[in-house]
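Step one of this worksheet: look at the structure below.
The values are calculated or read from the model by the stated rules, or taken from the named source; none is laboratory data. Predicted model only: the values in this text are computed from it and were never measured. Cβ: placed from backbone, ideal geometry, glycine included. Neighbour counts: every protein chain shown. Heavy atoms of the whole protein, side chains included, go into the accessibility calculation; ligands, DNA and RNA do not. Shrake-Rupley method; radii C 1.70, N 1.55, O 1.52, S 1.80 Å.
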Amino acid sequence: MTERQHATAPATDRLPRQRDAADLGRTQILVAVGTDKHPFDRLVGWLRDWHGGVADAVRLTVQHGHTAAPGLPDAVPFLGHDALQAAMATADLVVCHGGPATILEARRHGHLPIVVPRDPTRGEHVDDHQLLFARRLGAAGMVALCETREALTDALTAGLADPARFTVTADPDSARAQEAAVRRVGQIVEELVAASNAPRRRTWWRPWVRPDRAGADR
């Protein structure tokens, strides 16, 4: 099931806690795992382990969906559209799953998203459309693709040192062209995955054979 099909999943408009004086000088990171019903324990676990060593330098907000997120600060299961936009607008870095809509929203807010795509072989999704989509965008330089713990840690470390490395230029004309291209790539990937996963049609009729003699067609 695609991210589009999960658009009706439960959501809340509760905004993440706003920055206060204690957050000054801390890098604000938004993590969004989407609304898919499959847990994404791998990404949440990697973040939990990493955050333990940088808690004083980071303000972490995690939209964790159907994944348990004990021990992570400012965690919320779901965010409504407006709340997600507000969180992206104030974040220094955005980490997300490989959902096309989430990636587009992050780029629209000027972020080069750090993307960890869901892997169906680990029970994180029903198919591999996120892997195909994220790899295509990673090769084009439109996302920072992270498929391993080490790659994610390296990206976050680089982001803490210089958040500007994970921004994109706000140019309305080029942004529209890029978004149209991303949407088209997403459609192509989803169509290919759907075609490869479609069950083969079985022949429901039995060919009629004219018997040459009584009892020949048994």
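All of (1) open to solvent by less than 50 Å² (accessible area, probe 1.4 Å); (2) within 16 Å of the chain's Cα centre (by Cα) hold for residue 132 with one exception: (1). Filtering region 58-81 down to residues that are small (Gly, Ala, Ser) and over 27 Å from residue 104 (Cβ atoms), which residue is surrounded by the fewest Cβ atoms within 10 Å (Cβ to Cβ)? Among those that are small (Gly, Ala, Ser) and over 27 Å from residue 104 (Cβ atoms), it is 71.
Within region 30-57, restricting attention to residues that are of a type outside the set (Lys, Arg) and over 17 Å from residue 116 (Cβ atoms), the residue that is most open to solvent (accessible area, probe 1.4 Å) is 56. Just to verify a result, which residue in region 46-75, among those that are assigned to a strand (DSSP E or B) and under 20 Å from residue 124 (Cβ atoms), is nearest to the chain's Cα centre (by Cα)? In this case the residue turns out to be 63. Of all residues in region 68-85, those that are within 17 Å of residue 54 (Cβ to Cβ) and in contact (Cβ under 8 Å) with a residue 40 or more places away in the chain have Cβ atoms under 6 Å from Cβ atoms of residues that are part of a loop (DSSP other than H, G, I, E, B) and open to solvent by 30 Å² or more (accessible area, probe 1.4 Å), 6 or more apart or on another chain, in 74/17. For region 115-133, give me each residue that is outside any loop (DSSP other than H, G, I, E, B) and either in contact (Cβ under 8 Å) with a residue 24 or more places away in the chain or of a type in the set (Ser, Thr, Tyr) (or both). Within region 115-133, 115, 121, 122, 129, 130, 131, 132, 133 meet the criteria. Tell me, please, whether a residue that is modelled with pLDDT under 90 and within 16 Å of the chain's Cα centre (by Cα) can be found in region 136-156. Within region 136-156 (the criterion being modelled with pLDDT under 90 and within 16 Å of the chain's Cα centre (by Cα)), the answer is no, since none of the residues qualifies. The listed residues are 74, 56, and the only one of them that is of a type in the set (D, E, K, R) and under 14 Å from residue 160 (Cα atoms) turns out to be 56. Residues in region 95-114 that are in contact with a helix residue (DSSP H, G or I) (Cβ under 7 Å, 6 or more places away or on another chain), in a loop (DSSP other than H, G, I, E, B), open to solvent by 10 Å² or more (accessible area, probe 1.4 Å) and farther than 15 Å from residue 151 by Cβ: 109 only. Quick check on my filter: what residues within region 111-135 are at pLDDT 95 or above and either acidic (Asp, Glu) or more than 19 Å from residue 187 (Cβ to Cβ) (or both)? The answer is 111, 112, 113, 114, 116, 119, 120, 121, 122, 123, 124.
Determine, yes or no, whether residue 86 is outside any helix (DSSP H, G or I), open to solvent by 20 Å² or more (accessible area, probe 1.4 Å) and either at pLDDT 95 or above or over 20 Å from residue 144 (Cα atoms) (or both). No: the conditions fail for residue 86.
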